[in-house]
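Trainee: Here's a structure for you.
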Amino acid sequence: MKLNIAIIGARGKMGASISKWLNDHTLILIHKENSLDELTNIDLAIEVTNSEHVLKNTLTLLKLKIPTIVGASGIKPSDYERLSTQAETACVPLWIIPNFSISAILMMMCAQKIAHHYSHCHIIEMHHPQKLDAPSGTAKHTAWLIESTGGPKTQISSIRSPGIIADQHILFATMGETLTIKHHTESRECYKPGVLMAVNHILQLSPKLHIGLEFLLSL
């Protein structure tokens with residue numbers, strides 16, 4: 001089905017990639033100087049700006065009753081209740097997806113399953129210098145998953161360096177041994193399957209807040 005999709009943050013690296021992947025749909029490209037209030041006849045929106053604008057833009061999209069996928073970092077767990085209430089009031093689904101990479105999601109799911117066996121956990125997340133927020137949304141979501149199921153309190157270290165797109169190491173430790181789970185991003189093409197999965201499923205979701213792609217995958 002061909003959809004009218006607004007991409008918020010279309011000039012960014014992720015926004016430009018998503019625009020390319022969704023060229024079978026009718027795209028409305030929104031840059032930071034555009035007004036979201038002028039959006040009409042939109043089937044769904046994808047918010048991929050930055051931590052400075054993401055919360056405000058998401059609230060505006062919900063006010064406009066537009067089903068929304070959020071891929072930008074910057075929304076805190078403390079914002080979830082407010083956003084879920086807004087989504088329910090607007091009768092539209094809101095889907096916050098910290099990472100669109102299937103491998104990264106499986107990494108987080110594995111970490112969540114094994115975390116309670118360890119006394120210590122440290123996440124090292126590495127990104128390109130243009131990524132201004134730190135820690136990354138993926139690292140914070142990973143820590144939340146680990147701690148929410150009885151795992152250890154998680155430390156996060158952030159690195160911003162040329163030559164890196166997005167990497168994450170999860171180091172678990174207990175007496176006498178360590179276990180490290182690593183995810184390495186070669187190119188942004190790894191996000192394409194997750195983006196397409198989200199676009200194909202969001203209109204089937206209930207009108208409330210949903211977090212991550214994990215519930216569409218299994219281990």
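Trainee: Out of the residues in segment 1-10 meeting the condition of being touching a strand residue (DSSP E or B) at 6+ places or on another chain (Cβ under 7 Å) and of a type in the set (A, V, I, L, M, F, W, C), tell me which one is surrounded by the most Cβ atoms within 10 Å (Cβ to Cβ).
Mentor: 8
Trainee: So, one more: Quick check on segment 170-191. Is at least one of its residues within 21 Å of residue 45 (Cβ to Cβ) and touching a helix residue (DSSP H, G or I) at 6+ places or on another chain (Cβ under 6 Å)?
Mentor: yes
Trainee: Taking residue 50 as the residue in question, decide whether it is crowded, with 16+ Cβ neighbours inside 10 Å, assigned to a loop (DSSP other than H, G, I, E, B) and not aliphatic (A, V, I, L, M).
Mentor: yes
Trainee: Would it be correct to say that residue 85 is in a helix (DSSP H, G or I) and under 15 Å from the mean Cα position of the chain (by Cα)?
Mentor: The answer is no for residue 85.
Trainee: For segment 25-47, which residues satisfy the criterion of being part of a loop (DSSP other than H, G, I, E, B) and out of contact with any Leu (no Cβ under 9 Å at 6 or more places or on another chain)?
Mentor: 31, 32, 33, 34, 35, 41
Trainee: Select from segment 64-80 the residues that are at pLDDT below 95 and among the charged types (D, E, K, R) and write down the one among them that is nearest to residue 141 (Cα to Cα).
Mentor: 76
Trainee: Output yes when any residue across segment 181-195 is over 26 Å from residue 21 (Cα atoms) and in contact with a strand residue (DSSP E or B) (Cβ under 6 Å, 6 or more places away or on another chain), and no when none is.
Mentor: Yes, the conditions are met somewhere in segment 181-195.
Trainee: Could you say which residue among 63, 13, 32, 20 is in the same structural domain as residue 211 (by TED's automatic domain parsing), surrounded by fewer than 17 Cβ atoms within 10 Å (Cβ to Cβ) and under 16 Å from the mean Cα position of the chain (by Cα)?
Mentor: Just one listed residue meets the conditions, 13.
Trainee: Does residue 134 count as at pLDDT 95 or above, in contact with a strand residue (DSSP E or B) (Cβ under 9 Å, 6 or more places away or on another chain) and within 25 Å of residue 12 (Cβ to Cβ)?
Mentor: Answer is no for this residue.
The values are calculated or read from the model by the stated rules, or taken from the named source; none is laboratory data. Values in this document were obtained by computation on a predicted structure and should not be read as measured data. Glycine gets a Cβ as well: all are built from the backbone with ideal geometry, and neighbour counts include every protein chain shown.
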